[in-house]
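The values are calculated or read from the model by the stated rules, or taken from the named source; none is laboratory data. Note that the structure is a prediction, hence the values are computed from the model and not measured. All Cβ positions, glycine included, derive from the backbone under ideal geometry; neighbour counts span all protein chains shown. Protein only, heavy atoms only, side chains kept; ligands, DNA and RNA dropped before computing areas. Shrake-Rupley method; radii C 1.70, N 1.55, O 1.52, S 1.80 Å.
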Amino acid sequence: MPDDAYADSPEDEQTGSAAPCSGLVLVSTPIGNLGDIPPRARQALAASDLILCEDTRHSARLLSAIGIGVRTEPLHEHNEDARIAPILSMLRAGRRIALVSDAGTPLVSDPGYRLVRAVIAEGLPISAIPGPNAAVMALVLSGLPPQPFLFLGFPPPRSAARRAAFGTLRAAERAGLSATLIWHEAPHRLAETLVDMEAAFGPRAAAVARELTKHFEEVRRGTLTALASHYATQAPRGEITVLVGPPEQDDQEDLDGALTRALATHSVKDAAALVSAATGLPRKLVYARALELGR
Ligand code: SAM
C-alpha cells in the first residue's frame, strides 16, 4: 500500500500535524485538572519559540508539570496593547508563538483578543488548539437547552449595574431572545447575583456549576428561587459558572399578544409606543418586534 494511501481519509485529518510551522497558536489549558491537557496542546507548546502567559508564574506550574522549558513572557490586560507591535515583528520573522491564559481557552474572559485582531489584520498565520472551557462544560452538564446559548462573561460586580444588565437581557427576551444564558461568577458574589437574577428572570430553571474537573466538582440544578435560597445560607467555595435557562413560551407570547392587539388598530410606531408604555420595555426593542410582527 502506498505511503499516502490514507492522505485524504478522515483518519488523516484527525491525526494530522499538531503544530503550525509558524504563527500564533492559541492553546487551551486545563480548568483545574492537569490531566486535561490535550496532547496537541503539549506538542504546540513544546514546539513554540515563546509562550505568552496571562501570568507567567501561574503557567510555570503547568509547564513544569508537563516538562516544557520554553521561554515565557507575560501578556495581560495591562500590557497587551504595548506588546502587540513586538509580537507582530516576531511573527513576521517566522517565530512560533503560543498564547495561554491561566486556565481554559484564551480570550474567553481572558486576555488575547486585541492581539488576535492585530494578527488577523496583518494576515499573519494563526491557529488554535481546542480544549477545556468552563462555560461549555457547564452548559453540557446543566440539563438546560444547549443551543442557542449566550455567554456573557462576568456580570457587573455592583448590584445596581448588575440589575440593569439583567433588566436589559430580560427586555431582550421579551422582544424575542430565547437562549440559555451563561456567566462566570466569583464565589463571594454568587448569593447576591442569584437574588438579582431571580428578580429579573423569575423562578425559571437554572444551574450552578462549581469546581468543574476538580475533586469537589458539583452541578446544582433547580429554579433560580431554589438556588438563591440554597446559596443564601451555604457560602460556596471555588470556581463557579452560572446558567439560566431560556424564558417560558408565555413570556414571548405576552409581548407578541399585546403587540398583535395594538397593531390591529394602530400604526407600528403607535403600537410600539403603547406597548412600551404598558410593559415598561424599551421602545426600540418593542418597535423592532412590532416591525417583525407587522411583516
Ligand atoms: N478562559 C477560561 C475558560 O475558557 O473557561 C475562563 C477564564 S475566567 C477568567 C475564570 C472564570 O471561569 C472563573 O471565575 C469561573 O467563573 C469560571 N471557571 C473557571 N474554571 C472553572 C471551573 N473549574 N468550574 C467552574 N467554573 C470555572
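Applying the selection to the range 137-154, what residues are open to solvent by less than 20 Å² (accessible area, probe 1.4 Å) and without any contact (Cβ under 8 Å) to a residue 40 or more places away in the chain?
Within the range 137-154, no residue meets the criteria.
Considering only the range 224-238, I want to know if a residue exists there that is open to solvent by less than 50 Å² (accessible area, probe 1.4 Å), of a type in the set (A, V, I, L, M) and part of a loop (DSSP other than H, G, I, E, B).
No, that holds for no residue.
Quick check on my filter: what residues within the range 176-200 are under 21 Å from Leu293 (Cα atoms) and either β-branched (Val, Ile, Thr) or open to solvent by 20 Å² or more (accessible area, probe 1.4 Å) (or both)?
Listed by number, the residues that qualify are Gly176, Leu177, Ser178.
Would you pick out the residues in the range 265-283 that are modelled with pLDDT under 85 and loosely packed, with under 13 Cβ neighbours inside 10 Å?
Thr265, Ala277, Ala278, Gly280
Which residues, counting only those in the range 34-46, are out of contact with any helix residue (DSSP H, G or I) (no Cβ under 7 Å at 6 or more places or on another chain) and open to solvent by 30 Å² or more (accessible area, probe 1.4 Å)?
Within the range 34-46, Gly35, Asp36, Pro39, Arg40, Arg42, Gln43, Ala46 meet the criteria.
Pairs needed: first member in the range 34-60, closer than 14 Å to Gly104 by Cβ; second member anywhere, open to solvent by 50 Å² or more (accessible area, probe 1.4 Å) and part of a helix (DSSP H, G or I); C-beta distance under 6 Å; at least 6 residues apart or different chains.
Leu34/Ala65
Out of (1) outside any helix (DSSP H, G or I); (2) farther than 13 Å from Val27 by Cα, the odd one out for Pro132 is which?
Tallying (1) outside any helix (DSSP H, G or I); (2) farther than 13 Å from Val27 by Cα, Pro132 fails exactly one: (2).
Among the listed residues Gly222, Gly238, which satisfies the condition of being within 11 Å of the ligand (Cβ to nearest atom), more than 18 Å from the chain's Cα centre (by Cα) and assigned by TED's automatic domain parsing to the domain that holds Pro157?
That would be Gly238, the only listed residue that is within 11 Å of the ligand (Cβ to nearest atom), more than 18 Å from the chain's Cα centre (by Cα) and assigned by TED's automatic domain parsing to the domain that holds Pro157.
Somewhere in the range 47-69, is a residue surrounded by 13 or more Cβ atoms within 10 Å (Cβ to Cβ), away from the ligand (no atom under 16 Å from the Cβ) and polar (S, T, N, Q)?
yes
From (1) touching a residue at least 12 places away in the same chain (Cβ under 8 Å); (2) open to solvent by less than 40 Å² (accessible area, probe 1.4 Å), pick out the condition that doesn't hold for Arg92.
(2)
Tell me, which residue of the range 137-153 that is near the ligand (Cβ under 9 Å from one of its atoms) and of a type in the set (A, V, I, L, M) is nearest to Ala206 (Cα to Cα)?
Only one residue fits best here, namely Ala138.
Within the range 111-129, which residues are closer than 20 Å to Ala47 by Cβ and not in a helix (DSSP H, G or I)?
The answer is Gly112, Leu124, Pro125, Ile126, Ser127, Ala128, Ile129.
Keeping to the range 201-219, report how many residues are within 8 Å of the ligand (Cβ to nearest atom) and either open to solvent by 20 Å² or more (accessible area, probe 1.4 Å) or not in a loop (DSSP other than H, G, I, E, B) (or both).
6
Every residue in the range 155-175 that is assigned to a loop (DSSP other than H, G, I, E, B) and either hydrophobic (A, V, I, L, M, F, W, C) or surrounded by 14 or more Cβ atoms within 10 Å (Cβ to Cβ) (or both), please.
Pro155, Pro156, Ala175
Filter the range 110-136 for residues that are in contact with a Gly (Cβ under 8 Å, 6 or more places away or on another chain) and open to solvent by 50 Å² or more (accessible area, probe 1.4 Å); which is farthest from the ligand (Cβ to nearest atom)?
Pro125
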